[in-house]
Every structure is written in structure tokens, then in C-alpha cells.
Amino acid sequence: MNELAKQILDTVQVGALASVASDGTPLVTPLHFARHGDTIIWLSDKSAQHSQNTDRSGKIQFVVWDTEKRAVYLDTTAECINQSIEAEVRASYANKLGDFMPNFANPQFYQAKIGQIDENSTTGNWLHFVA
């Protein structure tokens, strides 16, 4: 991951998560996220439609862009985090988002690998990663 991608992922607080329902209906969900090493992490309610979509297929796309119109696109898979790293993930989330912590009935942290830059689809300040 290059420095521009790290800068965008570490400073922008909200991104758009795209998932697909079992009937093929697309769903785009804005959510707060943080970078945890070579993954992005977010907290969702397990009963939310985007969580159900993620749990079913794991396939997602994610995009975040900054005020200078630079963007990071991810074509990746997501999964629930392993409980053994939850403390680390919470620390990364709090480090970026401070005291902000959504209050969900069924909270679950998710992670998605950032992957490798795709030179064929990266154009200028729009960085595409595939995992």
C-alpha cells in the first residue's frame, strides 16, 4: 500500500460499503471506518442488511475519497474479526475516531483486506486495490 492510500484511509472518517443481497439487489452503506494494518475495519449491527450481505458472501467493494478528490477503491472480501484481536481493532478504531462508538443491539467488528494496487485500473489520484 502506498503512502497516498495510507493518508486517505487514515484521515477520511466515512466511506461507502457496497454489498449485494441474496436476491441480487445492490446496497450501498455509508459507515465510519479505520485502517488496522493492511485491513480496513468497521463496526456494524449484525442484523443490518449490509452485515447480512457480508456474512453471506464476504464480497464487498469499498470507496473513500478526500476533499482533494483523491480516492481509494477496494475490491475485496470482508469477515467478522477474530475475537483474539478485538482489543487491537478497538484501539485502531478509537485512535482514528476518538470517542465515537455507534450503539448497536448486536455489535460486530468487520475487517477487509486492502490488497495490492491494481495498476490497470488505477488512474491518477484514484487508487484501486484488489484483495
Across segment 89-123, which residue is surrounded by the fewest Cβ atoms within 10 Å (Cβ to Cβ) among those that are more than 18 Å from the chain's Cα centre (by Cα) and among the acidic types (Asp, Glu)?
-> 99
Please specify each residue of segment 8-51 satisfying the condition of being among the polar types (S, T, N, Q), free of Cβ contacts under 8 Å to residues at least 40 places away in the same chain and either open to solvent by less than 70 Å² (accessible area, probe 1.4 Å) or assigned to a helix (DSSP H, G or I) (or both).
-> 25, 29, 49
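The values are calculated or read from the model by the stated rules, or taken from the named source; none is laboratory data. Treat the numbers as computed from the prediction; the structure is a model and nothing was measured. Cβ coordinates were reconstructed from backbone atoms using ideal geometry, including for glycine residues, and neighbour counts include every protein chain displayed. Calculation scope for accessible area: heavy atoms of the full protein, side chains included, ligands and nucleic acids excluded. Shrake-Rupley method; radii C 1.70, N 1.55, O 1.52, S 1.80 Å.
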